[in-house]
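The values are calculated or read from the model by the stated rules, or taken from the named source; none is laboratory data. Everything numeric here is computed off the predicted structure, so don't read it as measured data. Positions of Cβ are generated from backbone atoms using ideal geometry, with glycine treated the same way; all protein chains shown enter the neighbour counts. Remember, those area values only see protein heavy atoms, side chains included, never the ligands or the DNA or RNA. Shrake-Rupley method; radii C 1.70, N 1.55, O 1.52, S 1.80 Å.
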Amino acid sequence: ISQAMLEDSAFDLESEMSEEFGTQFAKAEGTAFVSGNGVGRPQGFTDSTAGVGSTNSGNGTALTANGIIDLMFDIKSDYMNNATFVMNRDTFGKVLQLEDTEGQKIFVNSMSYVNGAPATIMGKPFILAEDMASVGAGTKPIAYGDFSRAYTIVDRVNLSVMRDPYSQATSGN
């Protein structure tokens, strides 16, 4: 953005750009927490080299109710009390579509908000994270565990964005 544009703008363009930069930084950080490879960014909890176990659903390209149940009970008991499901919206839609042999929806109560109770899948809360993979061959569309114990995010306090009026000064930017 040119210096003239910053000076002539009818609204606080610098603040607008700073806010947009912060939003894009947060999105990139979220992606890294899910799928980062540890090189110049955090190692994501779905990275196969992170030592995180995985459970196959029994179907190479679709979710199965039994696969979700197996995922729940494949983790160590110590991690079950505060466990949470993590998936994207598309995957959650697929979970809601799962039916039993009589055509009845299996997780029909997953979206009910009764007396302020959180929405759950089999009594466990879930988080929708757009950076999770969608259902497909070779993907990890659902994560489950106690993330407060299994994945630690160490963040800097007071990260700030600074304007650089020098490096592009000769070009008026």
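Of all residues in region 60-87, those being open to solvent by 10 Å² or more (accessible area, probe 1.4 Å) and in a loop (DSSP other than H, G, I, E, B) number 11. For region 16-30, the criterion of being over 30 Å from V86 (Cα atoms), assigned to a helix (DSSP H, G or I) and out of contact with any Ser or Thr (no Cβ under 9 Å at 6 or more places or on another chain) is satisfied by at least one residue.
Name the single residue that is nearest to N37 (Cα to Cα) among those in region 88-109 being of a type in the set (S, T, N, Q) and part of a loop (DSSP other than H, G, I, E, B). Out of the qualifying residues, it is N88. Within region 102-134, the residues that satisfy the criterion of being open to solvent by 80 Å² or more (accessible area, probe 1.4 Å) and at pLDDT below 90 are Q104, K105, V108, N109, M111, Y113, V114, N115, P118. Check whether at least one residue in region 138-150 is open to solvent by 80 Å² or more (accessible area, probe 1.4 Å), within 26 Å of F21 (Cβ to Cβ) and modelled with pLDDT of 80 or more, and report yes or no. Scanning region 138-150 turns up no residue that is open to solvent by 80 Å² or more (accessible area, probe 1.4 Å), within 26 Å of F21 (Cβ to Cβ) and modelled with pLDDT of 80 or more. Quick check on G36: is it of a type in the set (G, A, S) and surrounded by 14 or more Cβ atoms within 10 Å (Cβ to Cβ)? The answer is yes for G36.
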